[in-house]
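The values are calculated or read from the model by the stated rules, or taken from the named source; none is laboratory data. Quantities reported herein were computed from a predicted structural model and do not represent experimental measurements. All Cβ positions, glycine included, derive from the backbone under ideal geometry; neighbour counts span all protein chains shown. Remember, those area values only see protein heavy atoms, side chains included, never the ligands or the DNA or RNA. Shrake-Rupley method; radii C 1.70, N 1.55, O 1.52, S 1.80 Å.
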Amino acid sequence: MSEHDLDLEFGQSTPIADGSSCSLCFAHISARTSSDRTILSDISGCVPRGNMLAVLGPSGSGKTSLLDILANRSTISVDGRIWLDGTTPRDDKQIRNRVRYVQQEDALIGALTVRETLLFAARLGRTSASSPTDGGKRGLYQYVDGVISRLGLSEQANTKIGTPIQRGLSGGQKRRVSVGEKLVANIGGSDDNSCVVLVLDEITSGLDAVAAYEVVSRVKEFAEATGMIVVASIHQPSTATFTLFDSVLLMSQGKQVYFGPVNQVTGYFAKQGLIIPSNYNPAEFLLEITNTDFITTQERSSHLHLAKEFIGDGDQIDQLCRAWNVSEEAILLEAVLCKTASEEHLDRNLRYDMSRLGGFSGITITFRNTMILIQRAIIKGYRDILAYGVRVIMYRKWSRCSHLSANETTIQSFFNAIFFGSAFMSFMTVAYIPAFLEDLATYKKESHENLYGPAAFLLANVIVGLPFLFLITVLFAVVEYWMTGLRSSATAFFRFVMWLFLDLIAAESLVVLVSAIAPIFVAALAITAFANGLWMAVGGFLVQPNVLNKFWYYTFYWIDYQRYVFEGMIFNEMELRSYSCPWTSQGGCSGCMYAATEVENGVCKISGKTVLEARGYGRNWTGLWAGLVIAIAIAMRLLAYAWLRFKARRVGN
Ligand SMILES: Nc1ncnc2c1ncn2[C@@H]1O[C@H](COP(=O)(O)OP(=O)(O)OP(=O)(O)O)[C@@H](O)[C@H]1O
């Protein structure tokens, strides 16, 4: 095979020969972990415009690691070179603008329809400079609808993605929406989707053969139509799906076993003495010869009729790699890469037009994208019952206790009702965890592409959350306050609403903080529930502050927002109220549970203040307490911000 042949096989326009071409080449990529373990060793390849490369290999062979490196998402130490359009990109953010990554798991907002999802993706990815959507709103809709149609989702355009409790799209359809998000995101500000690299990690995982074929064939059609380069890791493709790819990179144990056109796989391995049976899926064959985990060499050799030299020496992968390194194909690939390297030196600036790369252009886009996030969160807020609706239903179940009249026997019940109500309201904020985790997954995906940062994400979250929380508070308070028989006064009622609102804000801030740090549902649930239990235990109601263990007293007692809410509510209820106690002709008011200060119409009256003092609640610091609850809520949000920012820096954002 000549170098010329190789160029043709890699596509009409090689990255070297044609200055206007679009290509992705990578040479001698090696990667080591912090513990100096080599996970990739000397991986090379070159993919021209409109072509699809399948990255194939057994589990743990390094497919995801390679894709992460190509998409500039890797956090480990990497050697080697990558060229986009024959030029080494030198700006991390600009690579990410050109290379669009579809991660293994779909991170979509279940309450949005397919069209809305893509519209939001297009709007978020749009730069102020140039865009395919410059035709205004109509242009944007047309563009998005075109992508929906190409992905075969026209019939589902108005179908919701689906949540755990509301069925929506199938797995394959969701995968196509995830791909569609990247196709509509004009992140680079380029005029169309040409010269964009789409990196797909395990694009077909969890799909049956038919759905997998459908997803890959739609992506192929798109790549052919737009010139987009596709690099996709893939597990066990069917023959039909495998042959949709133009070229394949086969890896095992982090090493390269083959790179070249799919239709030459059989010929290449035949030269190595490995005959792929005619009725055998070639991808399956490749996986079997490179899989060292579950099958012995003897079993494999007898099963696949491998050549003698591959049997029983215990080091078959090394043999395959050595065979690749000295192969004609590898030498020609090396020649292409060398030429790319030398060409780059000559006309770097001509080939890589930095001005076309829009990127993340500061405050304008951040503000605009924050507004878009707010719109998206509002839709989710009212549509997704898991976001707020479920809490309205649960809170409505609270109390249901009978109307309490104000006498000495109900004083404890008032304390209990207020304690339980405020603690229960805080506690049930755990219902928000699934909705926040969904948003967090979307944030992680979108922040990787520099669409917005943690500040915009958390700002939109709080701006949209506050009105919903206020609505929940009012709906709850309007019924429960009067049903329970709390102090009958407009001021007292509004103060109760204020405390409940602050309670929910602080509780939701806790959920945001915990879920940001531990973004796994069970972990976030356990930690938040534990924290809420702790707040209840150290808040001074279950255990009096003066007998509280010194450690808890000097630490958590003072940052316990539930304690301030409870004390604020209890003063609101009792400070200006009195409780009756029977007057007896023998003892007057001396039999009352607390000192009665007045007698009215033959009934003793216990002042609420007396009760509060007797139970150790000294002074009413409503203003200070409210300020402290707000400060605690802000502190938790800021900590969540600091954590997300720290994480974003670690992955190189
Ligand atoms: N950041 C990292 N730190 C330590 N080890 C890592 C890191 N990233 C990857 N590895 C290791 O590198 C090897 C290759 O992992 P990788 O996820 O790339 O394989 P894969 O081929 O994508 O596997 P699968 O098909 O199962 O997803 C694994 O042994 C993995 O544990």
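If you go through the range 171-183 one residue at a time, do you hit one that is basic (Lys, Arg), under 20 Å from residue 140 (Cα atoms) and open to solvent by less than 40 Å² (accessible area, probe 1.4 Å)? Yes, the conditions are met somewhere in the range 171-183.
Tell me whether the range 598-608 contains one or more residues that are in a helix (DSSP H, G or I) and over 32 Å from the mean Cα position of the chain (by Cα). Yes, the conditions are met somewhere in the range 598-608. Against the list (1) of a type in the set (Ser, Thr, Tyr); (2) surrounded by 24 or more Cβ atoms within 10 Å (Cβ to Cβ); (3) under 30 Å from residue 143 (Cα atoms), the condition residue 226 fails is (2).
The condition of being assigned by TED's automatic domain parsing to the domain that holds residue 56, more than 22 Å from residue 65 (Cα to Cα) and modelled with pLDDT of 85 or more does not hold for residue 192. Given the residues 565, 611, which is the only one that is open to solvent by less than 40 Å² (accessible area, probe 1.4 Å), at pLDDT 90 or above and under 30 Å from residue 455 (Cβ atoms)? Just a single option satisfies the conditions, and that option is 565.
Across the range 65-87, the qualifying residues are those that are among the acidic types (Asp, Glu) and modelled with pLDDT of 85 or more, and the one among them that is nearest to the ligand (Cβ to nearest atom) is 68.
Filtering 518, 492 for residues that are open to solvent by less than 60 Å² (accessible area, probe 1.4 Å) and touching a Leu at 6+ places or on another chain (Cβ under 9 Å) leaves a single hit, 492.
Would you confirm, using the coordinates I've provided, whether residue 98 is modelled with pLDDT of 90 or more, open to solvent by 10 Å² or more (accessible area, probe 1.4 Å), within 27 Å of residue 371 (Cβ to Cβ) and assigned by TED's automatic domain parsing to the domain that holds residue 282?
So residue 98 does not fit the description; no.
Looking only at residues in the range 235-248 that are within 15 Å of the ligand (Cβ to nearest atom) and surrounded by 24 or more Cβ atoms within 10 Å (Cβ to Cβ), the one that is nearest to residue 278 (Cα to Cα) is 237. The set of residues from the range 44-60 being in contact with a helix residue (DSSP H, G or I) (Cβ under 7 Å, 6 or more places away or on another chain) and within 11 Å of the ligand (Cβ to nearest atom) comprises 55, 56, 57, 58.
On the stretch given as the range 544-567, residues that are within 19 Å of residue 619 (Cα to Cα) and not in a helix (DSSP H, G or I) total 2. For the range 19-40, a residue qualifies if it is outside any loop (DSSP other than H, G, I, E, B), away from the ligand (no atom under 16 Å from the Cβ) and surrounded by fewer than 22 Cβ atoms within 10 Å (Cβ to Cβ), and the qualifying residues are 27, 28.
Applying the selection to the range 236-254, what residues are in contact (Cβ under 8 Å) with a residue 60 or more places away in the chain and either more than 21 Å from residue 266 (Cβ to Cβ) or among the small types (Gly, Ala, Ser) (or both)? Spell out how you get there, then give the answer.
If we filter the range 236-254 for residues that are in contact (Cβ under 8 Å) with a residue 60 or more places away in the chain, which is where we start, we get 237, 242, 244-254.
Answer for the range 236-254, where residues must be in contact (Cβ under 8 Å) with a residue 60 or more places away in the chain and either more than 21 Å from residue 266 (Cβ to Cβ) or among the small types (Gly, Ala, Ser) (or both): 247, 252, 253, 254.
Name the single residue that is modelled with the highest pLDDT among those in the range 355-407 being open to solvent by less than 70 Å² (accessible area, probe 1.4 Å), over 22 Å from the mean Cα position of the chain (by Cα) and under 20 Å from residue 185 (Cβ atoms). Selected residue: 362.
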